[in-house]
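Q: Would you mind keeping the following structure in view while I ask a few things?
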Amino acid sequence: MLFLVTALHATDQFPVRALGGPTALFEYGGLRFLTDPTFDGPGDYGPPGRGLTKTAPAAATPADIGPIDVVLLSHDEHPDNLDTSGRALLADVPLTLTTPGGGHRLGERAKGLADWESIELNRPDGGTVTVTGVPAIHGPGTHAEVEPVTGEVVGFILTGEDLPTVYISGDNASLGAVERIAERFAPVDTAILFAGAPRFPILFDGALIVLDSAQAAEATRILDARRVVPVHYDSWAHFTEGHDELEAAFTAVGLADRLDWGRGA
């Protein structure tokens, strides 16, 4: 019971601020974390006919959000997860945690985490935060089937003494991966779930490459997550589901009270 009270208190103390797309800001264990930084303005990104269209600006600029201790970057190869402004921001961040491949591409301030690999970060209070890389699959199928098409992706679990368990999914389309994560870490206190149900006719015959709204609700049940902050469902034209579909899906299975739309300070 003491642990439960402590976890509830800790959750109340770390608001999550969703900035648009996959980008979210939060403080945990005294460290300031940012997920998949994307701050470029609306427009077309990538090669003609195969690029992505951003439809709305971020809710803040890099200057607005202040210093960041750690970037949690699910992958570096797509402009809707790391754009030009986001890459520039990485130069001022002491540590970026990402995929093993991204760790090689992004330079000495980046470290790649393989699935289930952990790193301990020093907290200002003298304790540590443990960040563990967890499986994420950016499309239908196995890693071997999907990664040659959409690339390598990693999710993250954050834990620490007297801190709640936090999950950041990254661009994951696999509930099987969520089940494997739950076996090791459930119940999760806060899940930052990438959703939006993106589909492309040229990829996997139009199958989902990230969770849809109903799957996000099911991931919440699997993880026994007390709070879910949906991200990566807005600001880009390739999302096929948004706020209304997420709210409806969570309401349909009695989980609407778990939703937090990331309007924290």
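Q: Working only within the stretch 173-196, note down all residues that are crowded, with 24+ Cβ neighbours inside 10 Å, without any contact (Cβ under 8 Å) to a residue 60 or more places away in the chain, out of contact with any Asp or Glu (no Cβ under 9 Å at 6 or more places or on another chain) and of a type outside the set (Gly, Ala, Ser).
A: 181, 193
Q: Which one of 58, 24 is surrounded by 18 or more Cβ atoms within 10 Å (Cβ to Cβ) and farther than 30 Å from residue 120 by Cβ?
A: Of 58, 24, the one residue that is surrounded by 18 or more Cβ atoms within 10 Å (Cβ to Cβ) and farther than 30 Å from residue 120 by Cβ is 58.
Q: Ok, one more. If we keep just the residues of the stretch 79-90 that are in contact with a Leu (Cβ under 8 Å, 6 or more places away or on another chain) and assigned to a loop (DSSP other than H, G, I, E, B), which is surrounded by the fewest Cβ atoms within 10 Å (Cβ to Cβ)?
A: Filtering first and then ranking leaves 79.
Q: Right, another one. Of the residues in the stretch 235-265, how many are within 27 Å of residue 51 (Cα to Cα), surrounded by fewer than 19 Cβ atoms within 10 Å (Cβ to Cβ) and in contact with a strand residue (DSSP E or B) (Cβ under 7 Å, 6 or more places away or on another chain)?
A: 2
Q: While we're on this one: May I ask you to list pairs of residues, at least six apart or on different chains, whose Cβ atoms are under 7 Å apart, with the first in the stretch 120-135 being at negative phi and the second being basic (Lys, Arg)?
A: 129/123; 135/180
Q: Let me ask something additional. Assuming residue 181 fulfils every condition listed in (1) within 22 Å of residue 33 (Cβ to Cβ); (2) out of contact with any Lys or Arg (no Cβ under 9 Å at 6 or more places or on another chain); (3) modelled with pLDDT under 95 apart from one, which condition is it?
A: (3)
Q: Let me ask something else about it. Within the stretch 43-56, how many residues are assigned to a loop (DSSP other than H, G, I, E, B) and free of Cβ contacts under 8 Å to residues at least 60 places away in the same chain?
A: 5
Q: Filter the strands (runs of 3 or more DSSP E) completely within the stretch 107-220 down to those with at least 2 residues that are within 20 Å of residue 22 (Cα to Cα) and over 15 Å from the mean Cα position of the chain (by Cα).
A: 110-112
Q: Identify the residue in the stretch 7-21 that is surrounded by 14 or more Cβ atoms within 10 Å (Cβ to Cβ) and part of a loop (DSSP other than H, G, I, E, B) and, among all such residues, is modelled with the lowest pLDDT.
A: Looking at residues that are surrounded by 14 or more Cβ atoms within 10 Å (Cβ to Cβ) and part of a loop (DSSP other than H, G, I, E, B), I get 14.
Q: Moving on to the next point. Do we have residue 90 as over 17 Å from the mean Cα position of the chain (by Cα) and either touching a residue at least 60 places away in the same chain (Cβ under 8 Å) or more than 26 Å from residue 164 (Cβ to Cβ) (or both) here?
A: For residue 90, the condition - over 17 Å from the mean Cα position of the chain (by Cα) and either touching a residue at least 60 places away in the same chain (Cβ under 8 Å) or more than 26 Å from residue 164 (Cβ to Cβ) (or both) - is not met.
Q: Which residues, taken from the stretch 61-78, are in a loop (DSSP other than H, G, I, E, B) and buried (at least 18 other Cβ atoms within 10 Å of the Cβ)?
A: From the stretch 61-78, those in a loop (DSSP other than H, G, I, E, B) are 61, 66-69, 73-78; that's our starting set.
Correct list: 68, 69, 73, 74, 75, 76, 78.
Q: Can you tell me which residue in the stretch 34-47 is surrounded by the most Cβ atoms within 10 Å (Cβ to Cβ), limited to those that are closer than 18 Å to residue 63 by Cβ and not hydroxyl-bearing (Ser, Thr, Tyr)?
A: If we filter the stretch 34-47 for residues that are closer than 18 Å to residue 63 by Cβ, which is where we start, we get 34, 37-41.
This time we only want the ones that are not hydroxyl-bearing (Ser, Thr, Tyr), so: 34, 37, 39-41.
Working: 34: 24, 37: 29, 39: 23, 40: 17, 41: 10.
That would be 37.
The values are calculated or read from the model by the stated rules, or taken from the named source; none is laboratory data. Since this is a predicted model, take the numbers as computed values, not measurements. Note that we place each Cβ from the backbone using ideal geometry, even for glycine, and neighbour counts take in every protein chain shown.
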